[in-house]
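The values are calculated or read from the model by the stated rules, or taken from the named source; none is laboratory data. All of these numbers come straight from a predicted model, not from anything done at the bench. Using ideal geometry, Cβ is built from the backbone for each residue, glycine included, and neighbour counts are taken over all protein chains shown. What goes into the accessible areas is simple: the full protein's heavy atoms, side chains included, and nothing from ligands, DNA or RNA. Shrake-Rupley method; radii C 1.70, N 1.55, O 1.52, S 1.80 Å.
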Amino acid sequence: MEAVLLDFHGTIAQVEDPVRWVTKAAESLGNTLDRGKATVLADRLTTAGRAGGPKPYRVPPHLAEVWADRDLSQHAHRATYEGLAATVDAGLAPALYDRLLAADGWELYADTLPTLRALRAAGVPVAVVSNIGFDLRDLAGELGFADLVDEFVLSYEIGRTKPDPAIFHKACAALRVDPERTLMVGDTPADAGAAAAGCSVLVLPESEPGKVHGLGAVLRLL
């Protein structure tokens, strides 16, 4: 392999614990929630649908259009997740979405930075390929890995989402490597769609935030 493509959420980093998410969002508005209330609210909000969390059990009809486009525009992404949160707590919804844009709302896996540093030391180019509706670059800088990534290929910027082979071809072209010499690393079937573009694929199992995630296996596949 001559290059590596990495998914962001669930591969490089994970969103914060749901109770912390709710508690910190409330604090930003000057409110303090006790643990019990925060837990109940977090459960309801996660069921409704959280960016970086499980998909909603049901998308309300008034959000169906933005849901379909959530990874293709910044407006649709925010409208989707604020709208879902608003079905539970309208006043808290904007603050909950803002947590998604803050480095404090994410946690890197323990082997993220060591793996990226090893790839950089070996001269292996890296691109982050993400289905996402906001710019990851500033967030990556705050989390400490922006300077270890050569390209960011984001669905909302290019109008394609994984598993469409076009997004993986775009990433390979940005790194100036052939797909057949490229490894895509992710955690979902959408990431495995890179195989249709000609890339090799490594799908990682689910891991707890902050723990070793298995990214070191990338180094053994080069």
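Within segment 90-108, take every residue that is open to solvent by 50 Å² or more (accessible area, probe 1.4 Å) and not in a helix (DSSP H, G or I) and give me the one that is nearest to residue 137 (Cα to Cα).
Residue satisfying both the conditions and the ranking: 101.
Applying a threshold of 7 Å to beta carbon distances and a minimum spacing of six or more residues, or different chains, the list of pairs starting in segment 97-117 at a residue that is in contact (Cβ under 8 Å) with a residue 40 or more places away in the chain and ending at one that is among the basic types (Lys, Arg) and in a loop (DSSP other than H, G, I, E, B) reads 109/211; 110/211.
Restricting attention to segment 136-165, the residues that are more than 23 Å from residue 99 (Cα to Cα), hydrophobic (A, V, I, L, M, F, W, C) and without any contact (Cβ under 8 Å) to a residue 24 or more places away in the chain add up to 1. Considered as a group, the residues in segment 45-54 that are in contact with a Ser or Thr (Cβ under 9 Å, 6 or more places away or on another chain) and in a loop (DSSP other than H, G, I, E, B) include one that is surrounded by the fewest Cβ atoms within 10 Å (Cβ to Cβ), and that residue is 54.
Any residue at all in segment 162-170 that's open to solvent by 10 Å² or more (accessible area, probe 1.4 Å) and touching a Leu at 6+ places or on another chain (Cβ under 6 Å)? Let's see the steps before the verdict.
In the first step, residues of segment 162-170 are kept if they are open to solvent by 10 Å² or more (accessible area, probe 1.4 Å); the result is 162-166, 169-170.
Filter once more, so that each one left must be touching a Leu at 6+ places or on another chain (Cβ under 6 Å): none.
No, because not a single residue in segment 162-170 is open to solvent by 10 Å² or more (accessible area, probe 1.4 Å) and touching a Leu at 6+ places or on another chain (Cβ under 6 Å).
Please determine whether any residue of segment 158-175 is more than 24 Å from residue 138 (Cα to Cα) and in contact with a strand residue (DSSP E or B) (Cβ under 7 Å, 6 or more places away or on another chain). No: zero hits.
Yes/no per residue for (1) open to solvent by less than 70 Å² (accessible area, probe 1.4 Å); (2) in contact (Cβ under 8 Å) with a residue 40 or more places away in the chain:
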{"site": "184", "(1), (2)": "yes, yes"}
{"site": "203", "(1), (2)": "no, no"}
{"site": "211", "(1), (2)": "no, yes"}
{"site": "214", "(1), (2)": "yes, yes"}
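On the given criteria, is residue 218 in a loop (DSSP other than H, G, I, E, B), within 17 Å of residue 114 (Cα to Cα) and either in contact (Cβ under 8 Å) with a residue 24 or more places away in the chain or not small (Gly, Ala, Ser) (or both)?
Working: in a loop (DSSP other than H, G, I, E, B): no; within 17 Å of residue 114 (Cα to Cα): yes; either in contact (Cβ under 8 Å) with a residue 24 or more places away in the chain or not small (Gly, Ala, Ser) (or both): yes.
Considered against the rule, which asks whether it is in a loop (DSSP other than H, G, I, E, B), within 17 Å of residue 114 (Cα to Cα) and either in contact (Cβ under 8 Å) with a residue 24 or more places away in the chain or not small (Gly, Ala, Ser) (or both), residue 218 comes out as no.
Can you tell me which residue in segment 55-84 is nearest to residue 153 (Cα to Cα), limited to those that are outside any helix (DSSP H, G or I) and open to solvent by 30 Å² or more (accessible area, probe 1.4 Å)? So that I can check it myself, show each step before the final result.
Of segment 55-84, the ones outside any helix (DSSP H, G or I) are 55-60, 69-73.
Imposing the further condition that a residue be open to solvent by 30 Å² or more (accessible area, probe 1.4 Å) reduces the set to 55, 57-59, 69-70, 72-73.
Details: 55: 23, 57: 29, 58: 29, 59: 27, 69: 17, 70: 16, 72: 12, 73: 14 Å.
This residue is 72.
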